[in-house]
Amino acid sequence: MPPEWALHKATWLSWPHKEASWPGKFDPVPDVFAAVAALLCRYETVHINVLDDAMESDARERILNRLRRKQDMCRVCFHHILTDDAWCRDHGPNYAYYTEGGCLQKVVLDWEYNAWGGKYEPYHNDNSVPEKVAVLQDLPVVKPGMVLEGGAIDVNGKGLLITTEACLLNPNRNPSMTKQDIEERLMQYLGAEKVLWLKEGIAGDDTDGHVDDMARFVDEGVIVIAVEENPGDENYEILRENYKLLQQYTHVLQRPLEVVKLPMPDPVYYENERLPASYANFYIANRQVLVPTYRCSKDRIALGVLEKCFPSREVIGVDCTDLVWGLGAIHCITHEEPAF
């Protein structure tokens, strides 16, 4: 599996329609998706799964209204692929490569998807998205036979994969598999040589601890990790423990990893519920990095940290205060398709 910063052929999105995912606050959500799509289509194709013609028309109009250059709309493609929800990072196509007969072959890995341990039904349409995309693109489908969401892992493309015990070892995913079984499956299908395990996820995260809310590779040997400086915050101990773990880990060849601290935003609440707001839920696109912001003073600090990590890309903040009420941000709604 290539790292996210490798050249993209496209980005995939699933247009939001499940109002229950943003109870009482759905109206602003499609405009956040439109803003993300309008930024992405500057430099790469954007594929969007929609339910029908009416949804396609609405999405098209919203995106057009946000484009700097109307001609960029030619890089937005709509597909009538049914979905249950909008979290394409977790149900979308996971692309990987293998070599056969001296030729490089691109495939779609069709992991099982059960809506984060069966929390939200139905999810059968979401579970079928990778195979439908593969048919659309005439690509081979490989079924690893294991539940895995895209937000649960991150890779550096050079043998390292990072994840959390809280998510992948949760019995609501793969109860018959041991930690060793899971590691072997990740190595077999994603090309990992070494799995870096973190512990718990952040407060408010209904995914049981997705790593993309905490720690992300930004280069082959560099990881950014969210840290909380307030000892009274419920994320303080969780993130401190994960930070200490990362400092102990090494590259495949035992070289030390560079660990960069990324601040956490001020706590975000809606209807007295703590939401999983994190700057680590950014998306690395062609020539850009889209970073969730939350209308607080730490937004600028986080953007500055990531600007140093990505000197050759434009780092752009996208207001996700409304989006995160659905318990996810920019990385959660996007899925990269690497260039062949």
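The values are calculated or read from the model by the stated rules, or taken from the named source; none is laboratory data. In this text, all values refer to a predicted model and were calculated from it rather than measured experimentally. All Cβ positions, glycine included, derive from the backbone under ideal geometry; neighbour counts span all protein chains shown.
Worth pointing out:
- Listed conditions (1) within 16 Å of Leu245 (Cα to Cα); (2) surrounded by fewer than 21 Cβ atoms within 10 Å (Cβ to Cβ) are all met by Pro171, apart from (1).
- Identity of the residue in region 9-53, hydroxyl-bearing (Ser, Thr, Tyr) and surrounded by fewer than 22 Cβ atoms within 10 Å (Cβ to Cβ), that ends up nearest to Lys119 (Cα to Cα): Ser21
- Single condition Glu121 does not satisfy, out of (1) acidic (Asp, Glu); (2) more than 20 Å from Glu200 (Cα to Cα); (3) touching a strand residue (DSSP E or B) at 6+ places or on another chain (Cβ under 7 Å): (3)
- Pick from region 102-125, criterion modelled with pLDDT of 95 or more and among the small types (Gly, Ala, Ser), ranking: nearest to Val142 (Cα to Cα): Ala115
- Residue, surrounded by the most Cβ atoms within 10 Å (Cβ to Cβ), within region 124-138, restricted to residues that are in contact (Cβ under 8 Å) with a residue 40 or more places away in the chain and over 14 Å from Cys88 (Cβ atoms): Ala134
- Sole residue being more than 14 Å from Gly326 (Cβ to Cβ), free of Cβ contacts under 8 Å to residues at least 60 places away in the same chain and in a loop (DSSP other than H, G, I, E, B), chosen from Glu56, Glu121: Glu121
- Boolean, Tyr98 is of a type outside the set (Gly, Ala, Ser), in contact with a strand residue (DSSP E or B) (Cβ under 8 Å, 6 or more places away or on another chain) and over 29 Å from Ala54 (Cα atoms): yes
- Within the span defined as region 217-239, one or more residues are outside any loop (DSSP other than H, G, I, E, B), without any contact (Cβ under 8 Å) to a residue 60 or more places away in the chain, surrounded by fewer than 17 Cβ atoms within 10 Å (Cβ to Cβ) and more than 20 Å from the chain's Cα centre (by Cα).
- Residue within region 94-105 that is more than 25 Å from Thr293 (Cβ to Cβ), surrounded by fewer than 22 Cβ atoms within 10 Å (Cβ to Cβ) and of a type in the set (A, V, I, L, M) present: yes
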